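Everything below concerns the one structure shown next.
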Amino acid sequence: MDLSYADRLYTAEQTRALDRSAIDGHRVPGITLMSRAAHATFDAMLDLWPEPEQVQVLCGTGNNGGDGFLIADLALKRGIPVVVYQLGDAAKISGDALLARQQAEANGVDIQPFEDTQLIPLGIVVDAMLGTGLGGDVRGPYVEAIETVNAVGVPVVAVDIPSGLCADTGRVLGCAVVADLTVTFIGMKRGLFTAAAPDYVGELQFDDLMVPPEIYLQVDAGVFGLDVAELLETLPHRPANAHKGMYGTVLVVGGDYGMAGAAALAAEAALRCGAGLVQVATRPEHVSALVARAPEVMPIGVESGDNLAPMLAAADVIVVGPGLGQSDWSRILAQAALASGKPLVLDADVLNLLAAGELTLIGTDHILTPHPGEAARLLDCANAEVQHDRFASARALQEKLGGVVVLKGNGTLITGTGPIMLSDYGNPGMASGGMGDVLSGVIGSFVAQGLEFDEAAALGVCLHGAAADLAAEDGMHGLLASDLMPWLRELLE
């Protein structure tokens with residue numbers, strides 16, 4: 001899959017390498033980059049809040065604080081009342097940050113120690129405290145400062161990243177600023193898009209600070225953001241003489257007692273995304289219900305692996321897991337599917353059976369779609385450990401199980417043998433039953449239509465999330481998995 005340089009997502013250290021390349025390799029002065037960052041942030045915040053009554057800037061002792069001093073200087077030059085609150089020992093400020101503070105002081109910016117300052121609930125607050133260099137949990141006066149910022153009740157602008165948020169993982173390092181706007185520079189930080197980050201970042205804007213484009217060729221990010229419009233172009237054009245045999249047969253295996261709806265959702269999603277034929281292997285008692293919901297689906301009641309064999313032979317891809325359960329019937333069908341040698345999309349209870357050691361994967365022709373709880377069971381660790389570093393967890397799952405892994409959640413990650421891909425489509429309304437079943441059907445449909453596994457997973461995840469975003473325009477509360485069906489078709493066209 002071709003991935004654009006513009007979509008690269010970086011760690012904090014990788015961004016610092018880009019910064020060093022611009023300064024040392026291309027002779028762009030550090031103070032020039034700092035000035036550009038200040039202008040980018042100042043312009044972005046005035047675009048959203050054009051006439052602030054006051055600007056209050058909290059500055060640390062590093063380069064993030066240097067950006068803050070120059071933002072304050074710009075506000076003063078614009079005639080906006082401004083005050084800077086210094087956190088940390090000002091005597092430790094050095095380099096470009098010191099030059100920035102000296103410039104602000106020389107121009108008359110009011111700089112005061114933070115200490116027990118209570119911010120005024122007026123205008124805009126600028127967070128220029130900690131930046132991307134934070135190595136552990138927030139400590140000392142920064143905890144109090146973050147709590148004060150979060151309680152002030154006015155718009156908050158974060159410079160590069162909200163203080164207290166991990167640039168590499170998106171987790172909160174003890175506490176973090178909740179920003180309304182974050183302006184990030186030079187390289188998009190991957191931690192801004194996953195785990196807890198979206199609840200802290202607010203509106204995200206990016207500025208490359210006019211660094212030479214060659215620097216991006218020198219650092220291998222290893223993580224790419226995805227764009228659904230670009231991915232849709234990977235779907236082949238349908239010729240006028242198209243017929244259903246050209247677009248594959250999907251077999252959904254699942255729907256144990258009480259869970260027929262999961263299999264039905266996966267099957268309908270596969271059809272809505274263009275699969276030629278969709279069969280469902282399910283409990284005999286559920287056949288009539290599946291036909292009633294979608295007569296285009298071909299459900300067959302099965303009791304054993306022998307009953308399943310003809311369906312396995314006819315399938316181009318098998319989606320195993322929606323409503324599968326963990327009964328003896330579930331294990332028999334799952335074992336037959338995994339032994340078939342056919343491409344597999346694995347979800348829900350089949351993942352739990354794998355984690356329990358009751359099933360064994362053969363080969364690498366599979367896509368696994370665990371949520372964090374299932375991922376934790378597969379890795380034999382706690383859910384919190386998975387979320388602690390989702391990038392590392394996704395890579396660990398792929399290395400252990402092979403194939404392509406889709407680690408679902410806020411900022412879903414798609415991991416094969418190449419770069420990790422990240423989708424930031426989707427919304428909290430998706431926290432309802434059946435969403436994962438729809439996703440497995442969508443991905444299975446694209447595999448059946450001939451996409452490579454990583455392409456099918458990437459397009460499936462992005463299309464699924466984008467459809468949910470459109471469906472949620474009328475509200476997130478009460479959003480149902482079945483609400484996505486018409487939007488999947490809309491986006492595909």
task: Find, among the chymotrypsin sites (Phe, Trp or Tyr not before Pro) in region 214-310, those assigned to loop by DSSP (not H, G, I, E, B) with at most 16 other beta-carbon atoms within 10 angstrom.
output: Y257
- prompt: Do any GluC sites (Glu not before Pro) in region 223-272 lie in a loop, going by DSSP, with at most 14 other beta-carbon atoms within 10 Å of their beta carbon, and if so which?
  reply: E233
- prompt: From the residues P284, I31, S440, which one has its Cα farthest along the dipole of the chain in the positive direction, the dipole being from +1 and -1 charges on Cβ of Lys/Arg and Asp/Glu about the Cα centre?
  reply: P284
message: With unit charges on the beta carbons (Lys and Arg positive, Asp and Glu negative) and the dipole taken about the Cα centre of the chain, which residue among L359, I146, L463 sits farthest to the positive side?
response: L359
task: Could you give the size of the charge dipole of region 1-122 about its Cα centre, using +1 on the Cβ of each K and R and -1 on the Cβ of each D and E, expressed in debye and rounded to the nearest 20?
output: 360
message: Just to confirm a number: summing +1 for Lys and Arg and -1 for Asp and Glu over residues other than V138 whose beta-carbon lies under 13 angstrom from that of V138, what do you get?
response: -2
task: Work out the length of the dipole vector of the chain about its Cα centre, built from +1 on the beta-carbon of each Lys and Arg and -1 on the beta-carbon of each Asp and Glu, and round it to the nearest 20 debye.
output: 680
- prompt: Local charge sum around R171 (other residues, Cβ-Cβ under 14 Å, Lys/Arg +1, Asp/Glu -1)?
  reply: -2
Listed candidates [x] 19, 41, 33, 7, 0; [y] 25, 59, 16, 0; [z] 23, 46, 25, 6, 0 - label of the one calculated as P(r) over Cα pairs in 20 Å bins from 0, in percent: [z]
message: Distance between the C-alpha centers of region 106-124 and region 424-493? Whole Å please.
response: 46
- prompt: With +1 on each Lys and Arg Cβ and -1 on each Asp and Glu Cβ, how big is the dipole of region 276-346 about its Cα centre, in debye rounded to the nearest 20?
  reply: 120
- line: Relative contact order of the chain (C-alpha contacts under 8 Å, at least 6 apart) in percent is 13
task: Kindly rank 64-75, 462-473 from highest to lowest mean number of other beta carbons found within 10 Å of each residue.
output: 64-75, 462-473
message: Given the options M129, G202, A384, identify the residue whose Cα lies farthest towards the positive end of the charge dipole of the chain (+1 on Cβ of Lys, Arg; -1 on Cβ of Asp, Glu).
response: A384
task: Loop sites only, by DSSP: take the trypsin sites (Lys or Arg not before Pro) in the chain that have at most 16 other C-beta atoms within 10 Å and name the longest stretch containing none of them.
output: 140-493
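FYI, it's all coordinate maths here, none of it is from the lab. In this text, all values refer to a predicted model and were calculated from it rather than measured experimentally. Cβ coordinates were reconstructed from backbone atoms using ideal geometry, including for glycine residues, and neighbour counts include every protein chain displayed.
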